[in-house]
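A.B. asks: Can you read through this structure? Questions will come right after.
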Amino acid sequence: MKLSQTDYQTSYIVEQLHKHGYYDTDNKTYRELKHKLAAIRALEVKQDNPGQGWF
């Protein structure tokens, strides 16, 4: 069975979400999954400059 590009992208994002401990991926659109992954990755950004601590 050959996956379409959208199916491949969705499965990749689901895999990345699972690596971050997020498993509520059923019945979500590609866009919803993409935004959730972006939010999770944004929370992992480390601040190097102490002056940026107010974010």
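A.B. asks: If you take every residue apart from TYR8 with its C-beta less than 11 Å away from the C-beta of TYR8, what net charge results, scoring Lys and Arg +1 and Asp and Glu -1?
C.D. replies: After counting each charged neighbour, the total is -1.
A.B. asks: Quote to one decimal, in nm, the extra length available between LEU43 and ASP26 on full extension: 0.36 nm per residue of separation minus the C-alpha distance between them.
C.D. replies: Gain on stretching LEU43 to ASP26: 3.9 nm.
A.B. asks: Quick one: Karplus J couplings for region 26-42, per residue in order, coefficients 6.51, -1.76, 1.60, θ = phi - 60°, nearest Hz, x for Gly and Pro?
C.D. replies: 6, 6, 10, 7, 4, 5, 4, 5, 4, 5, 5, 5, 4, 5, 5, 5, 5
We did not get these values from a lab; they are worked out from the coordinates using the rules stated. Every value quoted in this text rests on a predicted model; they were computed, and no experiment measured them. Backbone-built Cβ (ideal geometry, glycine too); neighbour counts: all protein chains shown.
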